[in-house]
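In what follows, a structure is listed as structure tokens, so that the remarks can point back to it.
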Ligand code: CTP
Ligand code: MG
């Protein structure tokens with residue numbers, strides 16, 4: 001439960017991006033359509049709109065959790081201080097971008113599955129960016145147990161939620 005609490009701003013960033021795009025239409029691709037060796041740098045699945053909508057939604061999630069924590073949970077859960085509130089969701093979206101960059105180099109089309117990487121790119125993105133900017137907060141909250149729980153449970157939760165999203169017609173692929 002602690003792990004889910006800490007990861008929620010990162011977890012909800014990408015689905016928020018996906019939903020915003022499915023409701024408002026395709027945005028401007030971050031790579032502006034540019035190619036390297038005949039392959040897109042990032043592809044049409046990575047847009048400015050999705051990136052910022054996802055990151056801002058993740059910040060709102062952290063703010064909402066802080067509110068619930070202080071008003072209803074007697075501050076019994078970890079508090080998202082200013083920097084992690086920003087670095088967890090932005091890091092998640094950056095991790096997702098970096099993974100797409102590798103996917104395109106490996107000739108994987110937009111949306112094609114890249115097992116393990118698709119499920120954990122945003123976790124490592126969120127962690128690395130947070131370690132860079134909020135080292136002490138990160139290691140005070142992400143203990144070994146939390147890290148192990150995240151590495152085991154995230155891929156399972158990711159596959160489950162994507163399958164549900166696909167069945168509901170919100171996601172383009174079942175993974
Ligand atoms: N999305 C976006 N901008 C981002 C991230 C996601 O617009 N920075 C939207 C896109 O519409 C994308 C959808 O969210 O198709 C799902 O995201 P994801 O699964 O990360 O992208 P894929 O389409 O699978 O592309 P890729 O193969 O590059 O991961
Ligand atoms: Mg995908």
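The values are calculated or read from the model by the stated rules, or taken from the named source; none is laboratory data. Computed from a prediction, not measured in an experiment: that's the story for all the values here. Here the Cβ positions follow ideal geometry from the backbone for every residue, glycine too, while neighbour counts run over all protein chains shown.
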Item to check | Filter result (touching a residue at least 24 places away in the same chain (Cβ under 8 Å), more than 14 Å from ligand 1 (Cβ to nearest atom) and in a loop (DSSP other than H, G, I, E, B)) within the stretch 140-175 | outcome: 142
Checklist entry - Looking only at the stretch 12-31, which residues are within 11 Å of the chain's Cα centre (by Cα) and more than 15 Å from ligand 2 (Cβ to nearest atom)? => result 12
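From the list 143, 154, 81, 87, which one is within 16 Å of ligand 2 (Cβ to nearest atom) and either more than 14 Å from residue 3 (Cα to Cα) or modelled with pLDDT of 95 or more (or both)? Write out each step before concluding.
Values: 143 fails: within 16 Å of ligand 2 (Cβ to nearest atom); 81 fails: within 16 Å of ligand 2 (Cβ to nearest atom); 87 fails: within 16 Å of ligand 2 (Cβ to nearest atom).
On inspection, the qualifying residue turns out to be 154.
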Checklist entry - Applying the selection to the stretch 39-66, what residues are farther than 24 Å from residue 109 by Cβ and near ligand 1 (Cβ under 8 Å from one of its atoms)? => result none
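Does residue 31 meet the test of being crowded, with 18+ Cβ neighbours inside 10 Å and without any contact (Cβ under 8 Å) to a residue 40 or more places away in the chain? Explain how you work it out, then say what you get.
Details: crowded, with 18+ Cβ neighbours inside 10 Å: yes; without any contact (Cβ under 8 Å) to a residue 40 or more places away in the chain: yes.
Spelling it out, residue 31 is indeed crowded, with 18+ Cβ neighbours inside 10 Å and without any contact (Cβ under 8 Å) to a residue 40 or more places away in the chain.
Of the residues 136, 74, only one is at pLDDT 95 or above and part of a loop (DSSP other than H, G, I, E, B); which? Walk me through it before giving the result.
Working: 136 fails: part of a loop (DSSP other than H, G, I, E, B).
That would be 74, the only listed residue that is at pLDDT 95 or above and part of a loop (DSSP other than H, G, I, E, B).
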Checklist entry - Say we look at the stretch 34-44 and pick out the residues that are free of Cβ contacts under 8 Å to residues at least 12 places away in the same chain and either assigned to a loop (DSSP other than H, G, I, E, B) or within 14 Å of ligand 2 (Cβ to nearest atom) (or both); which of these is nearest to the chain's Cα centre (by Cα)? => result 34
Item to check | Matching residues in the stretch 45-59 - criterion: being within 8 Å of residue 20 (Cβ to Cβ) and either at pLDDT below 95 or within 10 Å of the chain's Cα centre (by Cα) (or both) | outcome: 54
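Filter the stretch 92-107 down to residues that are assigned to a helix (DSSP H, G or I), away from ligand 2 (no atom under 12 Å from the Cβ) and free of Cβ contacts under 8 Å to residues at least 60 places away in the same chain, then give me how many there are. Spell out how you get there, then give the answer.
Quick first cut of the stretch 92-107, residues assigned to a helix (DSSP H, G or I) only: 92-105.
From what is left, the residues that are away from ligand 2 (no atom under 12 Å from the Cβ) are 92-95, 97-98, 101-102, 104-105.
When the remaining residues are screened for being free of Cβ contacts under 8 Å to residues at least 60 places away in the same chain, the result is 94-95, 98, 102.
Here the count works out to 4.
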Checklist outcome for this item: residue 110 passes all but one of the listed conditions (1) at pLDDT 95 or above; (2) in a helix (DSSP H, G or I); the exception is number (2)
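Which of the residues spanning the stretch 126-140 are in contact with a helix residue (DSSP H, G or I) (Cβ under 6 Å, 6 or more places away or on another chain) and under 21 Å from residue 1 (Cα atoms)?
Initial filter on the stretch 126-140 (in contact with a helix residue (DSSP H, G or I) (Cβ under 6 Å, 6 or more places away or on another chain)): 126, 129-131, 133-134, 137-138.
Hits for the stretch 126-140 are 126, 130, 137, 138.
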Checklist outcome for this item: Filtering the stretch 1-26 for residues that are surrounded by 14 or more Cβ atoms within 10 Å (Cβ to Cβ) and outside any helix (DSSP H, G or I) leaves a count of 1
Checklist outcome for this item: Exception for residue 122 within (1) within 14 Å of ligand 1 (Cβ to nearest atom); (2) part of a helix (DSSP H, G or I); (3) farther than 18 Å from residue 13 by Cβ; (4) in contact with a helix residue (DSSP H, G or I) (Cβ under 6 Å, 6 or more places away or on another chain) falls at (3)
